[in-house]
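These notes concern the structure reproduced below.
Coordinate-derived values only; no laboratory data. Fair warning: this is a prediction, and the values are worked out from it, not measured in the lab. Note that each Cβ is placed from the backbone with ideal geometry, even for glycine, and that neighbours are counted across all protein chains shown.
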Amino acid sequence: MISRKILLFMWLFSSVSLAPGPARAQAPAGPGAVGQLGTSRSQEKQEWHIFGRVTTLNGEPVAAAKVKVDIGSGMNSVQTLETNLRGEFRTQYDLNANLYKRLAVNVTATKAGYQEARETVDFGSGDQTWGIDMVMGEIDKDADQLPLAMLISGLAPDLRKAAAGNPALDRVRQDFVRGSEEFLDRRNPVRAVPLLAKVVERRPECIECRTLLGLALLDAGSYASARRHLAEAAKLSATHPKGARSPDSVFALGVLESWGGEDEEAAKFMMQALDLDPNNPLVLQELGRTLIFQKNWEAADQYLERAIKAGASQGARFLRARALLEEGDSEEADAEMSRYLGGRDIKDLPVSARTFYGQLRARLDLRSYAKVKSLVDEPLPKLIEALPELEGLTAAASQESLASILRDAGENVESFLQNFPNTMSSEQIHQERIGKDGKIKSSLDQSLQYLFLARSEKLGMALEEYRTDSRGDPTGLRGLESGFMLTSGFASASLLFHPAYQSGASFRYLGRQLMGGHHCHVVGFAQRPETAQIIERFSADGTRALVLLQGLAWIEEESHRIVRLRTDLLKPLSSIRLQRQTTEIQYDQVQFKELASAMWLPREVAVTVEWKGRTFHNLHRYSEFKLFHVETREKLKDRKSRAHVSNGPN
């Protein structure tokens, strides 16, 4: 349910006064970056302020996480807190200044659906504390990333072996052996960390020891401390001659960046690792994965092919099949996927593999579109005759302007997506069933609240739409049970012009035209079956079919904004008797008081479908736009949000 109450956030302080024995010092951990706050001393009492923030790997706050703070002086020294909507926590200890000359704290954070996070921080004997950064990884067995277990198994055994032969470790050999056994043999990273930390403290120059400690910290949930030790190991390695450097710490840093969605930084680290070990199969594989996230399909294909030749896991074949499909080589993608399957039943594989397999089969089915003649190929007079809205078009003399028009329009769509503010509007829907005589047989009107939301994805941003009733309860369109057609998903229509997706269509500059008071460039487009990345799905009577589109876009000359968009089927789908699907979207400028720049949002959407000899027509109108601020306790997929609505447009 959406609540329109304005939320007021206040710090909730908790305080404990203690006077037991001195706090035990723990393995040191560095400061976070969320600020500083001094302690306060009196003759007998000293105030220690413990605070920090809990986030996901990509920096999103984790609200309602249970945080336990332990200063190591028995049960009375433990406090349990809960993070606020910003992921923040804060507490205070009032301690006997004579007994507590220094302070070290153990902090753990837990929440259902997340891996436990833990950090140990020694504030020493100074008069300042600092923010503690806690990072929680989401528990997702099918996450599109290198699993932590595979990172550890790929690096740790060789690190252990290399350090075992280092004579400089003789004085700390026992701690190193015990720490390695706890970490790798007994799978107990929490016990391993203090042992390996003692080794690093006494032999800070040991790169393998510090890298192994970083991996153990990752396994224990101490991401911030792990990153610091891995970065220090990489720094130490850089001081050695190139032939003596290890790629492990640099590669692990690259994986951390990839987990956090920082693919550009991840690629830089992995390229450094590859420079040190050009035939490392795991590095080649993960560089290929990172390039897939960057939509650099050709380079990803090349590195993944090298990874397979170097002996990478079967996962490299799955990744390469994905890259090949995006390159447009569905036949080779199918062959690589078959090699990945190796006779296994697709039903027994992870969800990501099953999903991709379905996408691959669907793309192979689209080969029937290969010889279709689209409006991009049609003579202009024939187009104008078929599409009356082109009347008054001044035909383009050449295609020289097409590249710059697509570039400018693509930049606008990309900027729109990156800066999109979640919005709410009133939606009026008029649904019609039309008889063979062209007359309306029945109609239905509905009024809903329409939520237009942006969310981040590994491969970029995505737009989602939700509908609620007047009370704010999630709902959907009615009418299916009465024979009406349900239409939705207009939010992503302009993404065909996004720079990342333009390779999925062919374009043609038709000319210039005055449309709705706007001087526009008119561009025709048709999706390409071999490279289309945004594919519609038509569902009816329990059957589903993928749909490729062609259409027209009116792009304002001055602002390069799409002001009108029309899409049609690239070809009728006789298999499901879908003869026509036409969508016409009118965009309009909306100015919000809170934003400096206006947004171009759909004002009216008309959809006409001819299916099984029947005609359906839906008209959607949008008004009363407002910004919609969402502060979630859970992900949007749970649709459990707290929100408030701000003032609408001027």
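Which pairs in the list 161/268; 382/441; 235/268; 242/268; 101/198 are over 24 Å apart, alpha-carbon to alpha-carbon?
Numbers: 161/268 28 Å; 382/441 33 Å; 235/268 15 Å; 242/268 17 Å; 101/198 22 Å.
Where the Cα-Cα span goes over 24 Å, the pairs concerned are 161/268; 382/441.
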Quiz item: Whole-Hz Karplus ³J(HN,Hα) for the range 58-64, in order, using 6.51 cos²θ - 1.76 cosθ + 1.60 and θ = phi - 60°, x for Gly and Pro?
Solution: 9, x, 7, x, 9, 8, 6
Quiz item: Along the positive direction of the dipole of the chain (beta-carbon charges: Lys, Arg +1; Asp, Glu -1; about the Cα centre), which of 362, 318, 223 reaches farthest?
Solution: 223
Quiz item: Looking at the chain, which Cys residues are left with no other cysteine's beta carbon under 4.7 Å from theirs?
Solution: 520
Self-check item: Using alpha-carbon coordinates, inclination of helix 330-341 to the longest axis of the chain, degrees
Solution: 40
Self-check item: Cα pair distances exceeding 26 angstrom across the range 490-639, given as percent
Solution: 37
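Taking square-rooted eigenvalues a ≥ b ≥ c of the alpha carbon gyration tensor, is the range 190-315 rounded, prolate or oblate, where a/c under 1.5 means rounded and, failing that, a/b exceeding b/c means prolate?
Working: a/c = 2.21, a/b = 1.71, b/c = 1.30.
Because a/c hits 1.5 or more and a/b exceeds b/c, the range 190-315 counts as prolate.
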Self-check item: Helix-only CD estimate at 222 nm, as mean residue ellipticity for the chain, using -39500 (n - 2.57) per DSSP H run (n ≥ 4)
Solution: -9000 deg cm²/dmol
Quiz item: What is the distance in Å between the Cα centres of the range 222-265 and the range 479-503?
Solution: 42
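How big is the charge dipole of the chain about its Cα centre, in debye rounded to the nearest 20, if each Lys and Arg gets +1 on its Cβ and each Asp and Glu gets -1 on its Cβ?
Numbers: 83 positive and 84 negative charges, 283 e Å.
The dipole magnitude comes to about 1360 debye.
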Exercise. Could you calculate the contour length gain from residue 391 to residue 344, that is, 0.36 nm times the residue separation minus the distance between their Cα atoms, to one decimal place in nm?
Key: 11.2 nm
Practice problem: Provide the per-residue ³J(HN,Hα) series for the range 419-427, in order, calculated from phi with Karplus coefficients 6.51, -1.76, 1.60 and θ = phi - 60°, each as a whole number of Hz, with x at glycine and proline positions. | Solution: 9, 5, x, 4, 10, 10, 8, 7, 10
Practice problem: Please determine, in degrees from 0 to 90 and to the nearest 10, the orientation of helix 189-202 with respect to the longest principal axis defined by the Cα atoms of the chain, where the helix direction is its Cα long axis. | Solution: 60
Quiz prompt | Span from the the range 287-350 Cα centroid across to the the range 512-570 one, whole angstrom | solution = 31
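Treating the beta-carbon of each Lys and Arg as +1 and of each Asp and Glu as -1, no other charges, what is the dipole magnitude of the range 240-369 about its Cα centre, to the nearest 20 debye? Please report the intermediate quantities before stating the final value.
Details: 17 positive and 22 negative charges, 73 e Å.
In debye, rounded to 20, the range 240-369 gives about 360.
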Exercise. For the range 250-257, take each phi angle, set θ = phi - 60°, evaluate the Karplus expression 6.51 cos²θ - 1.76 cosθ + 1.60, and give the result in whole Hz per residue in order, putting x for glycine and proline.
Key: 5, 5, 4, 5, x, 5, 4, 5
Exercise. On each of the three principal axes of the Cα atoms of the chain, give max minus min coordinate, whole Å, ordered largest first.
Key: 92, 59, 45
Quiz item: Amide H to amide H, which residues 5 or more places from residue 561 or on other chains are under 5 Å from it, using H placed in the peptide plane?
Solution: 556
Quiz item: Cα gyration tensor of the range 342-494, axes a ≥ b ≥ c as square roots of the eigenvalues: rounded (a/c below 1.5), prolate (a/b > b/c) or oblate?
Solution: rounded
Quiz item: How large is the charge dipole for the range 140-234, taken about the Cα centre, if only the Cβ atoms of Lys, Arg (+1) and Asp, Glu (-1) carry charge, to the nearest 20 debye?
Solution: 360
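Please work out whether the range 240-369 counts as rounded, prolate or oblate from its C-alpha gyration tensor, where a ≥ b ≥ c are the square roots of the eigenvalues and a/c under 1.5 means rounded, while otherwise a/b larger than b/c means prolate and anything else oblate?
Working: a/c = 2.26, a/b = 2.03, b/c = 1.11.
Because a/c hits 1.5 or more and a/b exceeds b/c, the range 240-369 counts as prolate.
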Quiz item: What list do you get for 301, 175 if you sort them by fewest beta carbons within 10 Å?
Solution: 175, 301
Quiz item: So for the range 91-161, what percent of the C-alpha to C-alpha distances run longer than 14 Å?
Solution: 73
Practice problem: Set Lys and Arg Cβ to +1 and Asp and Glu Cβ to -1, take the dipole of the chain about its Cα centre, and tell me which of 194, 330, 523 lies farthest positive. | Solution: 194
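From the convex hull of the Cα coordinates of the range 380-645, what is the mean projected area in square nanometres?
Working: hull surface 62.7 nm².
Computing the convex hull of the Cα atoms and averaging its projections yields 15.7 nm².
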Quiz item: In degrees from 0 to 90, rounded to the nearest 10, what is the angle of the helix 315-327 Cα long axis to the longest principal axis of the chain?
Solution: 30
